1. Give me the residue from the stretch 254-273 that is in a loop (DSSP other than H, G, I, E, B) and touching a strand residue (DSSP E or B) at 6+ places or on another chain (Cβ under 7 Å) and, out of that set, surrounded by the most Cβ atoms within 10 Å (Cβ to Cβ).
2. Out of everything in the stretch 122-153 that is among the hydrophobic types (A, V, I, L, M, F, W, C) and not in a loop (DSSP other than H, G, I, E, B), what residue ends up being farthest from R237 (Cα to Cα)?
3. Under 6 Å between Cβ atoms, at least 6 apart or on separate chains: pull out the pairs that start in the stretch 185-201 with a residue that is under 13 Å from V54 (Cβ atoms) and end on any residue that is of a type in the set (D, E) and open to solvent by less than 10 Å² (accessible area, probe 1.4 Å).
4. Please go through the stretch 34-69 and pick out each residue that is in contact with a Lys or Arg (Cβ under 9 Å, 6 or more places away or on another chain) and in a loop (DSSP other than H, G, I, E, B).
5. I'd like to verify a number: residues in the stretch 70-99 that are part of a helix (DSSP H, G or I) and under 20 Å from V266 (Cα atoms), how many?
6. Of the residues E151, E111, E178, only one is closer than 27 Å to K79 by Cα and modelled with pLDDT under 95; which?
7. Going through Y85, Y61, Y18 one at a time, which residue ends up being aromatic (F, W, Y) and modelled with pLDDT under 95?
Amino acid sequence: MKCILKLIIIASTVTFLYGCKKTADLPLESNNELEISKSQIQNLSNPFDSQGEVHNRFLDYFFQATKSSKVINRDKLLKVTQEFYFVNKLDFMDSQVKAYGQLFDTYHQMEIGRPGPVLPPNLCRWFPSICHILTPSPTFPGLPTNFLSDENGGSSTDRTLEFIQKVKELEDYVLKNEKLTQEQQNARLTQYAIARYSAAYWHNVKYIQKEKSPSYGSFQDLAAYPHSSCHTCDVVRADSGGAVVSAIIEGVSPGPGAALASAAAVLQDSWNWSWH
């Protein structure tokens, strides 16, 4: 009987040690995604780079301030925007109320908040100086948001950094382009700054910050709607379109203005959102 017990103990010990060795041999499961830092995002040669930082701060503020809301309308949008200005010690005057009202009207016409913002026929009549900016051409093929798509393979970190680098190259081209008017150049540079910060923001929210970010749950909810193969692409496009319009409406700060377009693209399907 003692011999049998010894054999059982020895067999159990060998099995345990072998199992531990096999477990140790297995590769550890790891998250290959890395946080994209401010130094990786920023492009100080772009004079509107700081608007990208403001944009990201506004997104955090907006989602925190509206976390208990399921209905968003013009009054709510103005209230949150005004509070953000106040918290950041910025003035929000009557003229800005009118300016943001114009911004909301334009977003409604552009259908921002729907997959891939569209260009209404009268946008070129309203804003002739920026019509070509929002219309891809051989000279300016548009934002390379295709780099952000999962279909390209690899990690989100690599795809997002590649997108940021491509945008920086576009910024360099614009800064050297003497054919653009000052208004056109400013609008493009604002668009590119916001696009860089937007892509990095949503990458960091989705893969790094997760539940620590006030916008994580809403972005996860967006994935439940199968209307697009690249939700990040849709949100960044809405952001960049909003940045262009915000850049030319006097009284609107492009950072918050574009961030409202980004929030609409994330929340339109899950919340009752109205620009009116």
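The values are calculated or read from the model by the stated rules, or taken from the named source; none is laboratory data. Predicted model, so just to flag it, every value in this text is computed and none were measured. Cβ: placed from backbone, ideal geometry, glycine included. Neighbour counts: every protein chain shown. These area figures cover heavy atoms from the full protein model, side chains too; ligands, DNA and RNA do not enter into them. Shrake-Rupley method; radii C 1.70, N 1.55, O 1.52, S 1.80 Å.
1. Q268
2. Among those that are among the hydrophobic types (A, V, I, L, M, F, W, C) and not in a loop (DSSP other than H, G, I, E, B), it is W126.
3. Close Cβ pairs satisfying both conditions: A193/D49; I194/D239; S198/D239.
4. Q42, N43, S45, N46, T66, S69
5. Qualifying residue count, the stretch 70-99: 9.
6. That would be E111, the only listed residue that is closer than 27 Å to K79 by Cα and modelled with pLDDT under 95.
7. It is Y18.
Per-residue answers, yes or no, for (1) over 21 Å from the mean Cα position of the chain (by Cα); (2) modelled with pLDDT of 90 or more; (3) crowded, with 19+ Cβ neighbours inside 10 Å; (4) over 18 Å from S45 (Cβ atoms):
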{"residue": "T139", "(1), (2), (3), (4)": "yes, no, no, yes"}
{"residue": "E162", "(1), (2), (3), (4)": "no, yes, no, yes"}
{"residue": "E183", "(1), (2), (3), (4)": "yes, no, no, yes"}
{"residue": "L189", "(1), (2), (3), (4)": "no, yes, yes, no"}
{"residue": "A199", "(1), (2), (3), (4)": "no, yes, yes, yes"}
{"residue": "S213", "(1), (2), (3), (4)": "no, yes, yes, yes"}
{"residue": "D221", "(1), (2), (3), (4)": "no, no, no, yes"}
